[in-house]
Amino acid sequence: MTTIAENLQAVHDRILRAAAPANRAPDSVQLLAVSKTFGSEEVTAAWHAGQRVFGENFVQEALDKIARLRHLDIEWHFIGPVQSNKTRPIAEHFAWVHSIEREKIARRLNDSRPPGLPPLNVLIQVNVSGETSKSGVAPGEERALAETIRSLPRLRLRGLMTIPEPTPDAALQRRRFALLRSLQQALQADDRGVDTLSMGMSDDLEAAIAEGSTMVRIGTAIFGSRKTVKSAP
Ligand SMILES: *Cc1c(COP(=O)(O)O)cnc(C)c1O
């Protein structure tokens, strides 16, 4: 068995190898460690190996971990679907939300963001695969949502996020990621604050980095496979 520290090193090596052929600096790609279903011990092990940025999908599970790990300097990102009755704890305890897909959710997060904290960094989730079962706005719809977010003073629009349907076809992976990048470039034309492209997971981070990802969200390759598998709806 490999340790979390060894796994993290291996992921950093993959990022390095993927960045080189794309002529990108390795530090232009941030590593978000996705710790959902793992405990505070695993997060602490990753923290000791130098990891500071973690992603969580489930609100109650995340709040428990955040409370236990209050003594560590961790930046928490919420990456799961946001239910409207959970916007307050998310706005209070996270620095980033990657999964905005509705105006109503954006407004509620804005209204619940505590005045003592900096604005909440948010990404709009886009569905680049066109599957009806997956979350995210359809390509093109991100522009209107971006407009709304810009009018909300307690949110700061940082970019786009996507979870493409899993495929072993590397060319298809790249087309999906290239689509997100082109949408981001259109947003950047009217907003210099848009600097983040959250795309790439354990199985497709190379394709994502080749297409300009600035933040890869990695769970399995760091912590191992998840025991509790949520069944599909
Ligand atoms: C679970 C999850 C990940 C991590 O996936 P791995 O394949 O385990 O790396 C990334 N992004 C989101 C939104 C997730 O829910």
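When you look at T2, is it assigned to a loop (DSSP other than H, G, I, E, B) and either within 16 Å of the ligand (Cβ to nearest atom) or in contact (Cβ under 8 Å) with a residue 24 or more places away in the chain (or both), yes or no? The answer is yes for T2.
Going by what's in this entry, would E142 be described as charged (D, E, K, R) and within 16 Å of the ligand (Cβ to nearest atom)? It is false that E142 is charged (D, E, K, R) and within 16 Å of the ligand (Cβ to nearest atom).
For P81, the conditions (1) at pLDDT 95 or above; (2) over 18 Å from S112 (Cβ atoms); (3) within 19 Å of the chain's Cα centre (by Cα) are fulfilled apart from (2). Being under 22 Å from G193 (Cα atoms) and surrounded by 13 or more Cβ atoms within 10 Å (Cβ to Cβ) holds for only one residue in V59, V126, and it is V126.
Which members of the range 32-51 meet the condition of being aliphatic (A, V, I, L, M) and more than 10 Å from the ligand (Cβ to nearest atom)?
Quick first cut of the range 32-51, residues aliphatic (A, V, I, L, M) only: 32-34, 43, 45-46, 49.
Hits for the range 32-51 are V43, A45, A46, A49.
Being over 15 Å from E147 (Cβ atoms) and under 15 Å from the mean Cα position of the chain (by Cα) is the filter here, so list the residues in the range 185-197 that pass it.
Quick first cut of the range 185-197, residues over 15 Å from E147 (Cβ atoms) only: 185, 192, 195-197.
Of everything in the range 185-197, those that are over 15 Å from E147 (Cβ atoms) and under 15 Å from the mean Cα position of the chain (by Cα) turn out to be D195, T196, L197.
Quickly run through the range 188-220 and pick out the residues that are surrounded by fewer than 19 Cβ atoms within 10 Å (Cβ to Cβ) and hydrophobic (A, V, I, L, M, F, W, C).
Step one: of the range 188-220, the residues surrounded by fewer than 19 Cβ atoms within 10 Å (Cβ to Cβ) are 188-193, 195, 201-203, 220.
Answer for the range 188-220, where residues must be surrounded by fewer than 19 Cβ atoms within 10 Å (Cβ to Cβ) and hydrophobic (A, V, I, L, M, F, W, C): A189, M201.
With respect to the conditions (1) surrounded by fewer than 18 Cβ atoms within 10 Å (Cβ to Cβ); (2) more than 14 Å from A95 (Cβ to Cβ), Q30 lacks only one, and its number is (2).
Anything in the range 18-74 that is polar (S, T, N, Q), farther than 17 Å from G219 by Cα and assigned to a helix (DSSP H, G or I)? List them, or say none. Scanning the range 18-74 gives S28, Q60. Can you find, within the range 211-227, the residue that is farthest from F177 (Cα to Cα) among those that are more than 8 Å from the ligand (Cβ to nearest atom), within 15 Å of the chain's Cα centre (by Cα) and not hydrophobic (A, V, I, L, M, F, W, C)? Result: T214. Considering the conditions (1) surrounded by 21 or more Cβ atoms within 10 Å (Cβ to Cβ); (2) at pLDDT below 95, A106 is excluded by exactly one of them, (2).
Pick from H93, H98: which is closer than 25 Å to V216 by Cβ and within 13 Å of the ligand (Cβ to nearest atom)?
Working: H93 fails: within 13 Å of the ligand (Cβ to nearest atom).
Every option except H98 fails the conditions.
Residues checked against (1) assigned to a loop (DSSP other than H, G, I, E, B); (2) free of Cβ contacts under 8 Å to residues at least 60 places away in the same chain; (3) within 13 Å of the ligand (Cβ to nearest atom); (4) within 16 Å of V128 (Cα to Cα):
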residue	(1), (2), (3), (4)
L172	no, yes, no, yes
R175	no, yes, no, yes
L179	no, yes, no, yes
S182	no, yes, no, yes
V194	yes, yes, no, no
I209	no, no, no, no
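With respect to the conditions (1) part of a helix (DSSP H, G or I); (2) touching an Asp or Glu at 6+ places or on another chain (Cβ under 9 Å), P81 falls short on a single one, namely (1).
The values are calculated or read from the model by the stated rules, or taken from the named source; none is laboratory data. What you see is a predicted model; the values in this text were computed from it and never measured. Reconstructed Cβ throughout: ideal geometry from the backbone, glycine too, with neighbour counts over all protein chains shown.
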